[in-house]
Amino acid sequence: MSYMNEKADSQERRRRRSHDPLVALHYQLSHARSEGDLDAIVVADASGLVVAGAGSWAVCEELAAYAPFLASKEQGNGEDSVSSRIAALRGTVDVETLLLGSQEVLICARGGRARKESLRSAALGVDRILRVA
């Protein structure tokens, strides 16, 4: 990316801000998705419900639903369709866990050329946004 493109991107990000935490989360996730060329990125609660996302809504819902299982280090027994889907997702999905007070929040991203870096960057932004909210 050229210097002029980086400068324009930085200025656009500064204009796209919101005091509404859900809108701010969407902007943060959209930026991370674009930067990492991700298929989707989602913030989910510990029960697997979407809090905010960027990308196809169906993909965001699937990622959120599986995020608690993907964040767990336990491997399923591989005998049922849920376990086999989790195994299939593990290779293309990364999950970060944030602890906000006593609440666990999961950030899950799929695809992309810089998934881990984009996920870490998004996690910092999500943490900042939700701590202020």
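Brief remarks follow.
- In this structure the amide hydrogen of Gly111, modeled in the peptide plane, comes within under 5 Å of the amide hydrogens of Asp39, none closer than 5 places in sequence on its chain.
- Label zone at Arg113 (point 7 Å along Cα-to-Cβ), backbone N below 13 Å, region 19-58: 34-38
- When Ile107, Ile41, Ile86 are sorted by how many other C-beta atoms sit within 10 angstrom of their C-beta, beginning with the fewest, the order is Ile86, Ile107, Ile41.
Bear in mind that the values in this text are calculations on the coordinates, not laboratory data. These numbers come from a predicted model, not from an experiment. Heads up, the Cβs are rebuilt from the backbone with ideal geometry, glycines too, and the neighbour counts pull from every protein chain shown.
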